[in-house]
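Structure first, then comments.
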Amino acid sequence: MSLWFCRPGGGADEVSAVDASSANDIQDAFKDGGNYTLTSDVDITGGTVSADLNLDLNGFILTTIGVITISSGAELSIDSSNSGGLLYSNTSENYLINVEAGGSLVLN
């Protein structure tokens with residue numbers, strides 16, 4: 001998967017996504033931000049998104065047993081370029097994603 005961003009005045013830069021296949025990859029994505037694509041089903045314990053993150057589920061399942069928090073000033077955008085992508089909660093909380101004031105969540 002590649003994303004294209006157009007600059008004012010023309011031209012485009014290709015921004016390749018980083019493959020994510022483990023909980024460590026997802027935790028890095030939450031911390032560092034950027035563009036990530038799942039390459040397998042992944043289980044995580046929750047975490048905090050502290051930088052802008054575009055996450056492509058790519059038809060795979062991201063399961064969390066804890067809450068995902070989006071910090072102020074950060075945006076989490078979730079999409080699935082292939083059918084079947086699923087964000088699944090296995091948490092005892094009443095919610096899956098906590099968006100702090102100034103944070104943003106985009107579900108495509």
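Tell me, which residue of region 90-108 that is of a type in the set (A, V, I, L, M) and assigned to a loop (DSSP other than H, G, I, E, B) is farthest from residue 40 (Cα to Cα)? Out of the qualifying residues, it is 101. Those strands (runs of 3 or more DSSP E) of region 1-80 in which at least 2 residues are open to solvent by 40 Å² or more (accessible area, probe 1.4 Å) and either under 25 Å from residue 92 (Cα atoms) or at pLDDT 95 or above (or both), considering only elements entirely within it, cover 75-79. When both residues are 6+ apart or on different chains and their Cβ atoms are under 7 Å apart, which pairs have a first residue that lies in region 77-89 and is touching a residue at least 24 places away in the same chain (Cβ under 8 Å) and within 13 Å of residue 44 (Cβ to Cβ), and a second that is of a type in the set (S, T, N, Q) and assigned to a strand (DSSP E or B)? Within 7 Å, the pairs are 88/63; 89/64.
Residues in region 30-44 that are under 20 Å from residue 103 (Cβ atoms) and out of contact with any helix residue (DSSP H, G or I) (no Cβ under 7 Å at 6 or more places or on another chain): 30, 31, 32, 33, 34, 35.
The values are calculated or read from the model by the stated rules, or taken from the named source; none is laboratory data. The model shown is predicted, which means the values in this text are computed figures rather than measured ones. Quick reminder, even Gly has a Cβ in these numbers, built from the backbone with ideal geometry, and neighbours come from all protein chains shown. Remember, those area values only see protein heavy atoms, side chains included, never the ligands or the DNA or RNA. Shrake-Rupley method; radii C 1.70, N 1.55, O 1.52, S 1.80 Å.
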